[in-house]
Every structure is written in structure tokens, then in C-alpha cells.
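Structure first, commentary second.
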Amino acid sequence: MLEVLTGSGLAASAGLNAYIPLLLMGVLARYTDLIELPSGWQWLGNGWVLLILAVLLAVEVVADKVPVVDHVNDVVQTVVRPTAGGLAFGAGSSSETVTVSDPDTFFSSHQWVPVVVGVLIALGVHLLKSAARPVINATTAGFGAPVASTAEDATSAVMSVVAILLPVLVLAFLLGLVAFLFWFLRRRRSRRRERQAARAAGFRV
């Protein structure tokens, strides 16, 4: 169960920022004993891979905080974030961490399953983020973009650490994400009804 929570937390983190969970796993695997990547994922700890991830993270951090540019970035990231989520789930759930000592007992076969699960989790989080951002930009005249992006980056970083060190707490994050999804959908329906009512009132006048 901890393997699933670790993978889910890392994949959800990738849905907010594709590079933070991968970079964190690579750095921890290379420089600490907190996580040991399986043989098929040890490339994440390669120095060149870490450098490339760091550069991509820097570009993502800047682009995601500029109104309009953030929308273009979200379109591009529709492919990148789910892919990163699949990699993060696959590597994280198959690795040996301070809380998971025998991950092979859970994913002993069908090695593609964790990757697919990670893709779906990251895609869901990414779509929610992408849908919320235009609303935030519109209601704050674009000033909310850097605030929202910083909060998303911080959440991604914290969730990645929690997924590796305290995966049980991932449940709280996932429940909060579901609650936010329901609130956001209700808010969108409410705003749509308000616009329709205002439009109807304008026609009557």
C-alpha cells in the first residue's frame, strides 16, 4: 500500500510541476540514502539528467508565472506532465525508500501498470490546474498567476517529499484534491448560471 501512496503522491506532484518530483528523486538517490532507485530507473540520478531537469524546472517556474504565457505553457505541458507522472510513479513505487523496504512484492509483474497509473493521475491533476488557471487570471486581472503558480510549485515540492518520507499523508492531499475539484466544478456552474441570468436580463431590458 505504501508503494501505491508513494507513486500516487509523486505522480500528483508531477501534475502540478513535471520536473520537481523527478529532480527530487534523482538528487536524493544520488546524494543521500533516503531513496534507492531500482536498476531500471537509476538514470534519474545521473548528473547530466539532473542538470537538464534543473534547467527545465527553471524555465517552467518562470513561464508558469506570466499571464497568457502560462496558458501556452499548460498546453505544452499537457504531454510533459502526464509523462513525468508516469515516470515518477514507476520510479517511486518501485524504489526502496525509508518507508518501503521491499517494493518488488507489490509490483512483481506488469511493470507497465505503475507507469500508466502515474500518467492518469498526473493528467487529472494537470487538467484541473489548467482549468483553474484561466479563472484565476480572469478574476484577478492576471495578478493571481504568480501567486497561484508559486503555491502550486510549493505544493509539488512538499508533496514529493511527503510521498517519499511519509506516504500515508498523501491520502490527505488526494482527499483535498477531490474536495477542490468538487468545489471548482460547482463554482464554474454557479458562474455560468450567473452569466446566463445576466444575459437574459439584458435581453429583457
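The values are calculated or read from the model by the stated rules, or taken from the named source; none is laboratory data. Model, not experiment: these values are computed from the prediction. Cβ: placed from backbone, ideal geometry, glycine included. Neighbour counts: every protein chain shown. Quick note on the areas: whole protein, heavy atoms, side chains included, nothing else; ligands and nucleic acids left out. Shrake-Rupley method; radii C 1.70, N 1.55, O 1.52, S 1.80 Å.
Of the listed residues 182, 173, 143, the order by accessible area with a 1.4 Å probe, largest first, is 143, 182, 173.
Label positions at residue 71 and residue 158, each projected 7 Å from the Cα along the C-beta direction, are separated by 2.9 nm.
The label-point distance for residue 46 and residue 150, in a model that sets each label 7 Å from Cα toward Cβ, rounds to 3.6 nm.
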